[in-house]
Amino acid sequence: MEPIDGLLDTAPCGFLSTTSGIILVANTTLLELLGHEPSSLHGRHIEAILPMISRLLYHTHLVPLLVMQGRVQEAVLSLQLRRGNHIPVLVNAVRRERGGQMVDDWVFMPMHLRTQYEDEILRAKKAADEATRLQVQANAALKEARAALESKQAELVEANARLEALATLDGLTGLKNRRIFQEQLVFQIALAKRTASPLSVLLIDVDHFKRINDTFGHLTGDRYLQAMATILQQHSRDVDIVARYGGEEFVIVLLNTNQIDAMSVAEKLRGTVETESWPMTAITISIGVSTLSQDVHDETRLLSSADQALYRSKERGRNCVTHACDLKRDPLR
């Protein structure tokens, strides 16, 4: 946990610093507001204090603003209290470089509107008492308004679900898209380091996919990619992260999986694709595998080494699996 200035720690507003979404420091005011113990948020992703709708706003609005403009001004979202309730807050944030890394500083101001709501209810009750002769008409109007509100709420829930899907899923395959995959990978690597758990990545490429598009057309190529996504999803655990990396490339993050087990999973996937009954022509896949280690300790090195291993699989004739650690021991001649 980074040290925090004493005045800032007890300032009448919540304060939080993050890097790539991972919480570096939170002041006492915010911890007390949310009901957390000191240091209980350190190392967790900021999603830990955001309910679902606020997470969507964070990814689709706040992060892009920080990337493009370097700041967020007077945004409104909700924070998740430890006891389960939500509290609306006014948010300001700024992105700056500190200690050799990009850090986002967040300030949260609670929005206490309960007194205003209670006053409005009292005024409405007095008005209702004075309009007794209009009771029947008012009840009918209230019933109609409630029905309209319920309809709008259902539309909002559906629209939010569609928006969340657009923000996180690949439109063709239904897998996670590359952006959300990379965000989750950063978080899972941090978690694996903190818990001393193994983590591996499979980078998968459909061999000679261009031939399918050139021979049978892009619609057939799309169906092959959708079928490939189904195979990868069905042969992965619920905890694993399966995503479309781009074009005919897919990626799987295997949580709590060491090098030996990752190679076993990769080989099973390769064999499954090879023996699958494909409609037009059989296809195969090449796989590059990389595992978190002292040398490969962040998302950039993990993906880069997996990509190099994938390239080696292609050099070896495709339809095979290569682990990044084998590149130095067995250089291709």
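The values are calculated or read from the model by the stated rules, or taken from the named source; none is laboratory data. It should be emphasised that the depicted structure is a prediction, and the values quoted were computed from it without experimental measurement. Note that each Cβ is placed from the backbone with ideal geometry, even for glycine, and that neighbours are counted across all protein chains shown.
Observations on the model:
- Residue in segment 250-273 that is among the aliphatic types (A, V, I, L, M), in contact (Cβ under 8 Å) with a residue 60 or more places away in the chain, assigned to a loop (DSSP other than H, G, I, E, B) and within 25 Å of residue 217 (Cα to Cα) present: no
- Filter pass, residue 283 being among the aliphatic types (A, V, I, L, M), closer than 22 Å to residue 174 by Cβ and either in the same structural domain as residue 20 (by TED's automatic domain parsing) or assigned to a strand (DSSP E or B) (or both): no
- Filtered by the rule that a residue be closer than 15 Å to residue 104 by Cβ and either within 20 Å of the chain's Cα centre (by Cα) or touching a residue at least 60 places away in the same chain (Cβ under 8 Å) (or both), segment 60-71 gives 61, 62, 63, 64, 65, 66, 67, 68.
- Looking across segment 210-249, the residues that are assigned to a helix (DSSP H, G or I) and either in contact with a Leu (Cβ under 8 Å, 6 or more places away or on another chain) or among the hydroxyl-bearing types (Ser, Thr, Tyr) (or both) come down to 215, 220, 222, 224, 225, 226, 229, 230, 231, 232, 233.
- Hits in segment 33-59 (condition: over 18 Å from the mean Cα position of the chain (by Cα), farther than 15 Å from residue 22 by Cβ and touching a residue at least 24 places away in the same chain (Cβ under 8 Å)): 33, 34, 35, 36
- Residue within segment 132-140 that is surrounded by 10 or more Cβ atoms within 10 Å (Cβ to Cβ), at pLDDT 75 or above and of a type in the set (Val, Ile, Thr) present: no
- Filtered residues of segment 193-211 (kept if surrounded by fewer than 18 Cβ atoms within 10 Å (Cβ to Cβ) and of a type in the set (A, V, I, L, M, F, W, C)): 196
- Test set (1) farther than 30 Å from residue 68 by Cα; (2) modelled with pLDDT of 75 or more - residue 153 fails condition number: (2)
- Count - residues of segment 66-90 that are in contact with a strand residue (DSSP E or B) (Cβ under 7 Å, 6 or more places away or on another chain), among the aliphatic types (A, V, I, L, M) and within 15 Å of residue 19 (Cα to Cα): 1
- Residues of segment 271-301 that turn out to be closer than 17 Å to residue 311 by Cβ, surrounded by fewer than 21 Cβ atoms within 10 Å (Cβ to Cβ) and not β-branched (Val, Ile, Thr), as a count: 1
- Test: residue in segment 157-164 that is at pLDDT 80 or above and surrounded by 10 or more Cβ atoms within 10 Å (Cβ to Cβ): no
- Only one entry in 227, 266 is at pLDDT 95 or above, surrounded by 18 or more Cβ atoms within 10 Å (Cβ to Cβ) and small (Gly, Ala, Ser), namely 266.
- Matching residues in segment 188-243 - criterion: being acidic (Asp, Glu) and within 19 Å of residue 281 (Cα to Cα): 205, 207, 214, 222
- Within segment 256-263, at least one residue is touching a helix residue (DSSP H, G or I) at 6+ places or on another chain (Cβ under 9 Å) and under 26 Å from residue 170 (Cα atoms).
- Every listed requirement among (1) in a helix (DSSP H, G or I); (2) at pLDDT 95 or above; (3) not small (Gly, Ala, Ser) is met by residue 201 save one, (1).
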